[in-house]
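The values are calculated or read from the model by the stated rules, or taken from the named source; none is laboratory data. Small disclaimer: the values here were computed from a predicted structure and weren't measured. Here Cβ is always computed from backbone atoms with ideal geometry, including for glycine, and neighbour counts include all displayed protein chains. Only protein heavy atoms, including side chains, enter the accessible area calculation; ligands, DNA and RNA are left aside. Shrake-Rupley method; radii C 1.70, N 1.55, O 1.52, S 1.80 Å.
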Amino acid sequence: MTGRRGFTLVELLIALVMMVLVAGGIYNLMVTTHRVSRKQTEISNLQGNLRGGLNLVQSELQEIYTDAAVGVSDIYNMTAASLDYDAMRGIGESCGLTLGGGAVQIRQDGYSGRPPDGAGRDRLKLFQDRDTLTSSDDVWLDLPITGVNPNGVCTVGTPGPSWDLVVPTLLADHLIDAVSGNPLLFAPGPVRTVERMELGLVNDAGKDWLGIRSSSGGEATLIPVIGPLTASGLEFLYFDGSDAPTLAPSAVKTIVVTLRGVSAEQVTTGLGSIVGTPEDSVVVRVQLRNSR
Amino acid sequence: MRTLRTDERGMALLLAMLGIVVIGALVSGTFFAGRMEMVSGRNSVYAAQAAEAAEAGLAAAFSPWDRTWNSFPVGVDQNLPPVAIPGPTRVQYTTTVRRMQGGAYLIRSVGQKLDRSGNVMATRMLAKLGKLVPAGTATMDAAVTTRDAVTVSGNTVVDGHDTVPSGWDPNACGPLNDAAGIQTGATVTTNGTSHVIDGAPPTVQNDTTVTDATFQGPFYSFLGSRTHTITNSNPPATVPTTSGAVCNQSDIYNWGEPRRGGAAVVACQDYFPIVYFGAGTLKLQGGYGQGILLVAGDLWMSGGFEFVGLIIVLGEVKTSGTGAKVTGAVLSNNFYGEQTTLGGDPALRYSSCAIGAALEGTAAAFPIAQRPWAQVNLR
């Protein structure tokens, strides 16, 4: 067909330039989208990490007991960068007490928390009630657990599965008042288990992390669990009942914990190819629910 | 002239579709990320609401304490019905009460956030350890304690030997420790030879440790927790009553059931009210009950009235006629200058078991002093 004609060179060049421009725009858009997506993912991961840290810190610390009036505290050592304390691990009731070998049975049904550990990780808190009509003389006996039989059967109350704890330091005068003959410990009675823990900063592969260790469980170094954090990305502040800073463990009623996180990977943070590691922080104010 | 070809193929549609796909992906990604953030935030709110509901359950358990829980069987979970918190948030708590020995309690509260269909969106469980604390404080060293003189006549029996109330399980009582028969800041005068005053020792007279505070301290410490206020100075005979199968605690003349076996009203055996009578003379001429009786005026007992527990009178105590029996302790302040007159054939016997039961039955639980609170995870 003689009437047919092709594209002119100019038309082709114009089309080519337009296609390059459009393709370039699309490429730019996709690169930007990818960068934004990566950045958002990193920030999301960072915030998720910090939220996890917040939950961990809160659940670890909120059951700490302190009492300024008698100078007693579950906190052993406290600094701006670390905290050494007793963490609650379980609550339930006893279902048998015997002096032979120092045995305390804990009813498994209804017990809340991690099963007691008999390898030294956990200690037993046994509620001692000297006078059942008054509260001022009540104490929690603090007794090391040296063994656990997980297949025991409760000897008091409804028979049921029990953990039979070996508690050698349970003595006769813990059970019976030598003068009045009144019982001091009751079964069923309240029991708790605690574990000595430490929270602090730990460096792993060149980055700082929130670390935790069970000192009673024999863990020598902090285990990184939340991070990475910025340098000095963990801070503890301690406040007493009047909301004034305090250095006395027994006076602490509130612990303010700040976690400053940093993204694990470098991402583009600005225009062009500027890269960096986004940072974010959370602050949690932990009210010690068992402080007096 | 150029002719327009209709079969030429362009790229506009392709480019437009590509653009739509890219924009769609961006919008979807943004929407997805936003939705994830929203869901995450909403879940956090739900969890917080559930935790607050659980806290509300704990608070409600202790304030006010339900004294019927004082008699829950030891070592058995008592599941209370769910309580919905008023308002549009659709949250509820369910409380479980577990009584232990020695008056200790473990209260567990499960807070739940529900959706419109009642499905559970979030659950949190908290616990608190509590302990029964008596409504007041009292120290009883005798079956009868008075500030002023006591006159004993007729066939009166006053016995300080520690006794277990008739029909009660001695295993449920603590160790028995005998007390004095009569302890007074003045003297004891006896008329006739038919009376019996016994105890370890039978009498303690001119005891300077007996002061107004001996009576008024306990009186006012219990007064704030009184269950019933009696205004009728000649009340009808007090007997335990029920509403259905439940002890009727709204009946001010139901003072609990101290009896055991036979026709005893079992539902009221664990009910120990604190009954208060104001100024004037309260004349009890029959009936029976248990708990703590506070009389700001005088108390006259006759006609076979029986009481197990603690009686504290700021005025005088007078017995006459037949059968008045008190097992526990009687404190008479004689604040208005009268003497205590024990005539007829009353039997006033010291019982640490009865006193203890009255103190425990009228007690309320409070969170224990150390480490009461726990965040609970069910195994």
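I'm checking my understanding of the structure. Among residues of the stretch B:148-162 that are part of a loop (DSSP other than H, G, I, E, B) and crowded, with 22+ Cβ neighbours inside 10 Å, which one is nearest to the other protein chains (Cβ to nearest Cβ)? Please lay out each step first, then the result.
So the first thing to find is which residues in the stretch B:148-162 are part of a loop (DSSP other than H, G, I, E, B), and the list is B:148-149, B:153-156, B:160-162.
Adding the requirement that they be crowded, with 22+ Cβ neighbours inside 10 Å leaves B:156, B:160, B:162.
On the way: B:T156: 31, B:G160: 19, B:D162: 14 Å.
Once the filter is applied, the top-ranked residue is B:D162.
Please find, within the stretch B:69-122, the residue that is nearest to B:C268 (Cα to Cα) out of those that are among the charged types (D, E, K, R) and in contact with a Ser or Thr (Cβ under 8 Å, 6 or more places away or on another chain). Full working, then the answer.
So the first thing to find is which residues in the stretch B:69-122 are among the charged types (D, E, K, R), and the list is B:77, B:90, B:98-99, B:108, B:113, B:115-116.
Subset that is in contact with a Ser or Thr (Cβ under 8 Å, 6 or more places away or on another chain): B:77, B:108, B:113.
Numbers: B:D77: 21, B:R108: 27, B:K113: 38 Å.
Ranking the qualifying residues of the stretch B:69-122, first place goes to B:D77.
Within the stretch A:65-77, is even one residue exposed (fewer than 11 other Cβ atoms within 10 Å of the Cβ), among the polar types (S, T, N, Q) and more than 30 Å from A:V267 (Cα to Cα)?
Within the stretch A:65-77, one or more residues are exposed (fewer than 11 other Cβ atoms within 10 Å of the Cβ), among the polar types (S, T, N, Q) and more than 30 Å from A:V267 (Cα to Cα).
Kindly provide the set of residues from the stretch A:244-271 that are farther than 17 Å from A:Y65 by Cα, assigned to a loop (DSSP other than H, G, I, E, B) and open to solvent by 30 Å² or more (accessible area, probe 1.4 Å), ordered by number.
A:A244, A:A264, A:E265, A:Q266, A:T269, A:G270, A:L271
So, in the stretch B:7-23, exactly how many residues are modelled with pLDDT of 80 or more and open to solvent by less than 60 Å² (accessible area, probe 1.4 Å)?
Adding up the residues that qualify gives 1.
Has the stretch A:50-64 got any residue that is more than 12 Å from chain B (Cβ to nearest Cβ), within 18 Å of the chain's Cα centre (by Cα), part of a helix (DSSP H, G or I) and among the β-branched types (V, I, T)?
yes
Do we find a residue being under 22 Å from B:H195 (Cβ atoms), open to solvent by 40 Å² or more (accessible area, probe 1.4 Å), away from chain A (no Cβ under 14 Å) and modelled with pLDDT under 90 anywhere in the stretch B:345-360?
no
All but one of (1) modelled with pLDDT under 85; (2) within 13 Å of chain A (Cβ to nearest Cβ); (3) open to solvent by 70 Å² or more (accessible area, probe 1.4 Å) hold for B:G34; state the number of the condition that does not hold.
Single failed check for B:G34: (3).
May I ask you to list the residues in the stretch A:141-170 that are within 10 Å of another protein chain (Cβ to nearest Cβ), open to solvent by 20 Å² or more (accessible area, probe 1.4 Å) and farther than 12 Å from A:S94 by Cβ?
A:T158
So which pairs qualify, if the first residue must be in the stretch B:277-296 and in contact (Cβ under 8 Å) with a residue 60 or more places away in the chain and on the phi > 0 side of the Ramachandran plot, the second must be part of a loop (DSSP other than H, G, I, E, B) and of a type in the set (F, W, Y), the Cβ gap must be under 9 Å, and the two must be at least 6 apart or on different chains?
Correct list of pairs: B:G291/B:W255; B:G291/B:Y271; B:G291/B:F272.
Output the residues belonging to the stretch B:249-301 that are assigned to a loop (DSSP other than H, G, I, E, B), among the polar types (S, T, N, Q) and modelled with pLDDT of 95 or more.
B:N254
Scan the stretch B:224-236 and tell me whether some residue there is farther than 24 Å from B:A296 by Cβ and more than 28 Å from the chain's Cα centre (by Cα).
For the stretch B:224-236, residues farther than 24 Å from B:A296 by Cβ and more than 28 Å from the chain's Cα centre (by Cα): absent.
When you scan the stretch B:44-64, do you find a residue that is outside any helix (DSSP H, G or I) and either within 13 Å of chain A (Cβ to nearest Cβ) or closer than 30 Å to B:A363 by Cα (or both), even just one?
Start the filter on the stretch B:44-64 by keeping residues that are outside any helix (DSSP H, G or I), which leaves B:63-64.
Remaining after also requiring either within 13 Å of chain A (Cβ to nearest Cβ) or closer than 30 Å to B:A363 by Cα (or both): B:63-64.
Yes; the residues of the stretch B:44-64 include at least one that is outside any helix (DSSP H, G or I) and either within 13 Å of chain A (Cβ to nearest Cβ) or closer than 30 Å to B:A363 by Cα (or both).
Could you tell me whether the stretch B:212-228 includes any residue that is of a type in the set (F, W, Y), assigned to a loop (DSSP other than H, G, I, E, B) and within 20 Å of B:R67 (Cβ to Cβ)?
Going through the stretch B:212-228, the residues of a type in the set (F, W, Y) turn out to be B:215, B:219-220, B:222.
So of that shortlist, the ones also assigned to a loop (DSSP other than H, G, I, E, B) come out as none.
Among the residues of the stretch B:212-228, not one is of a type in the set (F, W, Y), assigned to a loop (DSSP other than H, G, I, E, B) and within 20 Å of B:R67 (Cβ to Cβ), which makes the answer no.
Name the residues in the stretch A:176-223 that are closer than 30 Å to A:L133 by Cβ, assigned to a strand (DSSP E or B) and away from every other protein chain (no Cβ under 12 Å), would you?
none
Across the stretch A:106-117, which residue is farthest from the other protein chains (Cβ to nearest Cβ) among those that are open to solvent by less than 20 Å² (accessible area, probe 1.4 Å) and part of a loop (DSSP other than H, G, I, E, B)?
Within the stretch A:106-117, the match that is farthest from the other protein chains (Cβ to nearest Cβ) is A:P116.
Tally up the residues in the stretch A:71-105 that are within 21 Å of A:G217 (Cβ to Cβ), within 12 Å of chain B (Cβ to nearest Cβ) and among the aliphatic types (A, V, I, L, M), please.
Going through the stretch A:71-105 one residue at a time, the tally reaches 3.
Name the pairs: first residue in the stretch A:13-42 and within 11 Å of chain B (Cβ to nearest Cβ), second residue exposed (fewer than 14 other Cβ atoms within 10 Å of the Cβ) and aromatic (F, W, Y), Cβ to Cβ under 9 Å, at least 6 apart or on different chains?
A:A15/A:F7
Which one is modelled with the lowest pLDDT among residues in the stretch B:361-373 that are of a type in the set (A, V, I, L, M, F, W, C) and either assigned to a loop (DSSP other than H, G, I, E, B) or surrounded by 24 or more Cβ atoms within 10 Å (Cβ to Cβ) (or both)?
Of everything passing the filter in the stretch B:361-373, B:A369 is modelled with the lowest pLDDT.
Among the listed residues B:D141, B:D169, B:D207, which satisfies the condition of being open to solvent by less than 30 Å² (accessible area, probe 1.4 Å), charged (D, E, K, R) and either away from chain A (no Cβ under 14 Å) or farther than 27 Å from A:D137 by Cα (or both)?
Matching residue, one of B:D141, B:D169, B:D207: B:D207.
Residues A:L141, A:L133: which one is in a loop (DSSP other than H, G, I, E, B) and within 26 Å of B:V76 (Cα to Cα)?
Values: A:L141 fails: in a loop (DSSP other than H, G, I, E, B).
Only one candidate qualifies: A:L133.
Got a sec? Which of B:L80, B:L26, B:L58 is in contact with a helix residue (DSSP H, G or I) (Cβ under 7 Å, 6 or more places away or on another chain) and surrounded by 14 or more Cβ atoms within 10 Å (Cβ to Cβ)? It would help to see each step written out before you state the result.
Details: B:L80 fails: in contact with a helix residue (DSSP H, G or I) (Cβ under 7 Å, 6 or more places away or on another chain); B:L58 fails: in contact with a helix residue (DSSP H, G or I) (Cβ under 7 Å, 6 or more places away or on another chain).
Exactly one of B:L80, B:L26, B:L58 is in contact with a helix residue (DSSP H, G or I) (Cβ under 7 Å, 6 or more places away or on another chain) and surrounded by 14 or more Cβ atoms within 10 Å (Cβ to Cβ), namely B:L26.
Please verify whether B:P86 is closer than 30 Å to A:F186 by Cα, in a loop (DSSP other than H, G, I, E, B), at pLDDT 85 or above and open to solvent by 40 Å² or more (accessible area, probe 1.4 Å), treating the condition exactly as stated.
The answer is no for B:P86.
Determine whether A:D173 is away from chain B (no Cβ under 14 Å) and within 26 Å of the chain's Cα centre (by Cα).
Spelling it out, it is not the case that A:D173 is away from chain B (no Cβ under 14 Å) and within 26 Å of the chain's Cα centre (by Cα).
Could you give every pair whose Cβ atoms fall below 7 Å, whose first residue belongs to the stretch B:247-263 and is at positive phi, and whose second residue is open to solvent by less than 40 Å² (accessible area, probe 1.4 Å) and in a loop (DSSP other than H, G, I, E, B), counting only separations of at least 6 or pairs across chains?
Once the first residue is at positive phi and sits in the stretch B:247-263, its partners that are open to solvent by less than 40 Å² (accessible area, probe 1.4 Å) and in a loop (DSSP other than H, G, I, E, B) give B:G256/B:P240; B:G256/B:Y271; B:G256/B:F272; B:G256/B:P273.
Condition test on B:G103, is it touching a helix residue (DSSP H, G or I) at 6+ places or on another chain (Cβ under 9 Å), open to solvent by less than 40 Å² (accessible area, probe 1.4 Å) and on the phi > 0 side of the Ramachandran plot?
Against the criterion (touching a helix residue (DSSP H, G or I) at 6+ places or on another chain (Cβ under 9 Å), open to solvent by less than 40 Å² (accessible area, probe 1.4 Å) and on the phi > 0 side of the Ramachandran plot), B:G103 qualifies.
Considering the stretch B:109-127 alone, what residues qualify as being more than 8 Å from chain A (Cβ to nearest Cβ), in a strand (DSSP E or B) and farther than 15 Å from B:D66 by Cβ? I'd like the intermediate steps shown before the answer.
Initially, the stretch B:109-127 is screened for residues more than 8 Å from chain A (Cβ to nearest Cβ), giving B:109-124, B:126.
Still in the list and also in a strand (DSSP E or B): B:109-114, B:120-124, B:126.
Within the stretch B:109-127, B:V110, B:G111, B:Q112, B:K113, B:L114, B:V120, B:M121, B:A122, B:T123, B:R124, B:L126 meet the criteria.
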